[in-house]
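Novice: Would you mind keeping the following structure in view while I ask a few things?
Each reported figure results from applying straightforward, stated rules to the coordinates on display, with no laboratory input. Predicted, not measured: the structure shown is a model, and the values here were computed from it. Cβ atoms come from the backbone with ideal geometry, glycine included; neighbour counts cover every protein chain shown.
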Amino acid sequence: MSKNPIRVTRSSMPPMEEYIQEIKPLWESHWLTNMGDYHQELERQLTKYLEVPNLSLFANGHMALELTLQAMHLSGEVITTPFTFASTTHAIVRNGLKPVFCDIDPKDFTIDAEKIKELINENTCAILPVHVYGHICNVEAIEAIARRHKLKVIYDAAHAFGETLRGAGVGSFGDASIFSFHATKVFHTIEGGASAYGQKALGEELYQLKNFGILSETAVEGVGSNAKMNEFQAAMGICNLRHFQEETQKRRTAFLRYRERLEGRRGIVLPKEQEGVTHNYGYFPVVFEESECGFSRDAVYDNLKAHNVYARKYFYPLTSDFACYHGRFDSSATPVARHISQRVLTLPLYAGLSRREVDRICRLVLATKQEV
Ligand SMILES: *Cc1c(COP(=O)(O)O)cnc(C)c1O
């Protein structure tokens, strides 16, 4: 039995020689950042691969989101989900906007489109849903609401790289979608991210905002930030993109093995593949209903940890319960999100995870005894 720790994910790496070959020209060019050749090439490749109209690279996914919101010149309230990573909510707040939390759908944990309408008022300017775990939101319903109320829609697609819905790239919905290329995501550039968007004009604004708002040598037009992807990051992306399909197939094999081993157990709710969606199999979130299966999420987490397996409580706590937002939000207003957040555990899933390791993790999950 393996003594090495198994973590929730493990960064995929291209063959070392491939990366070295890729970056060799940088020693000749001395052009290391500031939208160089690799940056331009990766932008071209990803625009095509993701089937999106336009795409702009960033130093990380969070800055892609923060600056995309800034580029839209929004003010007021943004309807969003508390069942997400810190970045989503922080990006809203750091833009001086107010997050308004909508509950989630108990089936796929994405924002419950039915419940968006009742949160709209004259201050609402946008909707920021999350394709959480790569589950694609109810994009048709969201688009209909947004059109009726003239709201912007920005998707946090950090988990949904490479996915399609009925043949359309996931990043082609709404006004913009942001992706994360962090080392722990299914496709990565070590750190990195992108914003995919419909309106070409937004691109000029994003280009300036990620480079201090600089328009030309002597003109600074916006209060920008510094969020440029460098050439080494872009080169890593170019290499990793070549292997993405193959890695996805490996994750799919592990995903299906998990399902096979854990299926049909009372109180253990497994992720399902959505109809019409090509998934990237980035996560394996399991909900443990203690009253039915006899043990809690925390007991499973502890049991795995005692055996050197590190699952993660994604997403607990809800972002609306973070200490930094103490007293500002009430998570009892999103009871489904709260329920799931207290019971969900994301099991390890990555391309190199073997069938034997999946089987071992499943045995440990099923052997969990409740603490008394
Ligand atoms: C990872 C992630 C981000 C932020 O991405 P970084 O590239 O790490 O800045 C945003 N939203 C969600 C839901 C994420 O999981």
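Novice: Can you tell me the dipole magnitude for the range 127-203 around its Cα centre, using point charges on the Cβ only (Lys, Arg +1; Asp, Glu -1), in Debye to the nearest 20?
Specialist: On the way: 7 positive and 6 negative charges, 57 e Å.
Around 280 debye, computed over the range 127-203.
Novice: Further question: If you place +1 on the Cβ of every Lys and Arg and -1 on the Cβ of every Asp and Glu, how big does the dipole about the Cα centre of the chain come out, in debye to the nearest 20?
Specialist: Details: 42 positive and 44 negative charges, 251 e Å.
The calculation lands at about 1200 debye.
Novice: Another question about this same structure. With N denoting the number of residues in the range 228-348, provide Rg(C-alpha) divided by 2.2 N^0.38 Å, to two decimal places. Present the calculation step by step, with values, prior to reporting the outcome.
Specialist: Working: Rg = 17.9 Å, N = 121, 2.2 N^0.38 = 13.6 Å.
Relative to the 2.2 N^0.38 Å estimate, the range 228-348 comes out at 1.31.
Novice: On to the next question. P(r) for the range 55-157, please, calculated from all Cα pair distances in 10 Å bins and given in %.
Specialist: 16, 52, 30, 2
Novice: Under the rule of -39500 (n - 2.57) per DSSP H run of 4 or more residues, summed and divided by the residues of the chain, what mean residue ellipticity at 222 nm is obtained, to the nearest 500 deg cm²/dmol? Mind dumping the intermediate values first?
Specialist: Numbers: 11 runs with 135 residues, N = 372.
That comes out to -11500 deg cm²/dmol.
Novice: Report the trypsin sites (Lys or Arg not before Pro) located in the range 1-103 that are in a DSSP loop and have at most 10 other Cβ atoms inside 10 Å of their Cβ, or state none.
Specialist: Numbers: sites: LYS3, ARG7, ARG10, ARG44, LYS48, ARG94; in loops: LYS3, ARG10.
For trypsin sites (Lys or Arg not before Pro) across the range 1-103 that sit outside H, G, I, E and B with at most 10 neighbouring Cβ atoms in 10 Å, the list reads LYS3.
Novice: Just report the Cα centroid separation between the range 125-203 and the range 270-304, whole Å.
Specialist: 24 Å
Novice: Continuing with the same structure: Per-residue HN-Hα couplings for the range 53-69, Karplus 6.51 cos²θ - 1.76 cosθ + 1.60 at θ = phi - 60°, whole Hz, x for Gly and Pro?
Specialist: Once θ is set to phi - 60°, the couplings for the range 53-69 become x, 8, 8, 10, 7, 9, 5, 7, x, 4, 5, 4, 6, 4, 7, 5, 4 Hz.
Novice: Got a sec? How would CYS102, CYS362, CYS324 order by Cβ neighbour count within 10 Å, fewest to most?
Specialist: On the way: CYS102 25, CYS362 16, CYS324 10.
Lowest count first: CYS324, CYS362, CYS102.
Novice: Next question. Cβ neighbours within 10 Å, averaged per peptide: list 225-235, 247-257 in order, most packed at the top. Intermediate results must be reported in sequence, preceding the final value.
Specialist: Working: 225-235: 21.6, 247-257: 18.3.
Ranked from most to least packed, the peptides come out as 225-235, 247-257.
Novice: A further question on this structure: Given Cα positions, please report Rg to Rh for the chain, the hydrodynamic radius being the Kirkwood one. Working shown, then result.
Specialist: On the way: Rg = 20.9 Å, Rh = 21.5 Å.
When Rh is taken as the Kirkwood radius, the ratio is 0.98.
Novice: So, counting K/R as plus one and D/E as minus one, what does the shell of residues with Cβ under 9 Å around ARG297 add up to? Don't skip to the answer; put the middle values down first.
Specialist: Working: positive: LYS313, ARG343; negative: GLU290, ASP298.
Charge balance in the 9 Å sphere: 0.
Novice: For LYS152, LYS117, which order do you get if you count the other beta carbons within 10 Å of each Cβ and list the fewest first?
Specialist: Numbers: LYS152 18, LYS117 13.
The fewest-first ordering by Cβ neighbours comes to LYS117, LYS152.
Novice: Now for a separate question. What is the set of long-range amide H partners of VAL153 at a cut-off below 5 Å, with H atoms built 1.01 Å from backbone N?
Specialist: Under 5 Å from the amide H of VAL153: ILE127, ASP175, ALA176.
Novice: Next question. Quick one: order ASP103, ASP330 by neighbouring beta-carbon count within 10 Å, fewest to most. If you can, show how the numbers build up before the last one.
Specialist: Values: ASP103 22, ASP330 10.
Ordered by Cβ neighbours within 10 Å, fewest first: ASP330, ASP103.
Novice: Give, as a single signed number, the net charge of other residues whose beta carbon lies under 12 Å from the beta carbon of CYS125, with Lys and Arg counted +1 and Asp and Glu -1. The partial results should precede the final answer.
Specialist: Values: positive: LYS98, LYS150, LYS152; negative: GLU77, GLU122, ASP175.
Surrounding charge for CYS125 is 0.
Novice: Normalise the Cα radius of gyration of the range 187-229 by 2.2 N^0.38 Å (N = residues in it) and let me know the number.
Specialist: Working: Rg = 11.7 Å, N = 43, 2.2 N^0.38 = 9.2 Å.
It is 1.27.
Novice: Which trypsin sites (Lys or Arg not before Pro) in the range 153-217 pass both tests, a DSSP loop state and at most 14 other beta-carbon atoms within 10 Å?
Specialist: Working: sites: ARG166, LYS185, LYS200, LYS210; in loops: ARG166, LYS185, LYS210.
Here the trypsin sites (Lys or Arg not before Pro) that fit, given the DSSP loop and packing criteria, are ARG166.
Novice: Quick one: which residues, 5+ away or cross-chain, put their amide H under 5 Å from the amide H of PHE284? H built at 1.01 Å from N.
Specialist: Hits under the 5 Å cutoff: LEU347.
Novice: If you take the beta carbon distance between ARG363 and SER29 as r and set R0 to 41 Å, what does 1/(1 + (r/R0)^6) give as a FRET efficiency, to the nearest 0.05? Could the numbers behind the result be given before it?
Specialist: Working: r = 52 Å, r/R0 = 1.28.
With a Förster radius of 41 Å, E is 0.20.
Novice: In Å³ and rounded to a whole number, note down the convex hull volume per residue for the Cα atoms of the range 115-243.
Specialist: Values: hull volume 17.8 nm³, N = 129.
Hull volume normalised by residue count: 138 Å³.
Novice: While we're on this one: Where both partners of a DSSP beta bridge lie in the chain, what percent of those bridges are antiparallel, to the nearest 5?
Specialist: Numbers: 25 of 41 bridges.
Of all bridge pairs located within the chain, approximately 60 percent are antiparallel.
Novice: Here's something else I'd like to know. Over the range 173-270, what lengths in whole Å, largest first, do the semi-axes of the equivalent ellipsoid take, defined as the square roots of 5 times the eigenvalues of the alpha-carbon gyration tensor? Walk me through the numbers on the way to the answer.
Specialist: Details: eigenvalues 299, 57, 25 Å².
Output for the range 173-270: semi-axes of 39, 17, 11 Å.
Novice: Per 0.36 nm of contour for each residue apart, how much would the distance between ARG266 and ASN121 grow if the chain were fully extended, relative to their Cα-Cα spacing? Numbers along the way, then the final one.
Specialist: Values: separation 145, 0.36 × 145 = 52.20 nm, distance 4.16 nm.
Here the segment from ARG266 to ASN121 would lengthen by 48.0 nm.
Novice: Looking at the range 53-175, send over the antiparallel percent of its DSSP beta bridges, to the nearest 5.
Specialist: Here the share of antiparallel DSSP bridges comes out near 20 percent.
Novice: Continuing with the same structure: When Lys and Arg each count +1 and Asp and Glu each count -1, what net charge do the other residues less than 12 Å away from ASN308, Cβ to Cβ, add up to? Could the numbers behind the result be given before it?
Specialist: Working: positive: LYS3, ARG7, LYS305, ARG360; negative: GLU357.
Charge balance near ASN308 sits at +3.
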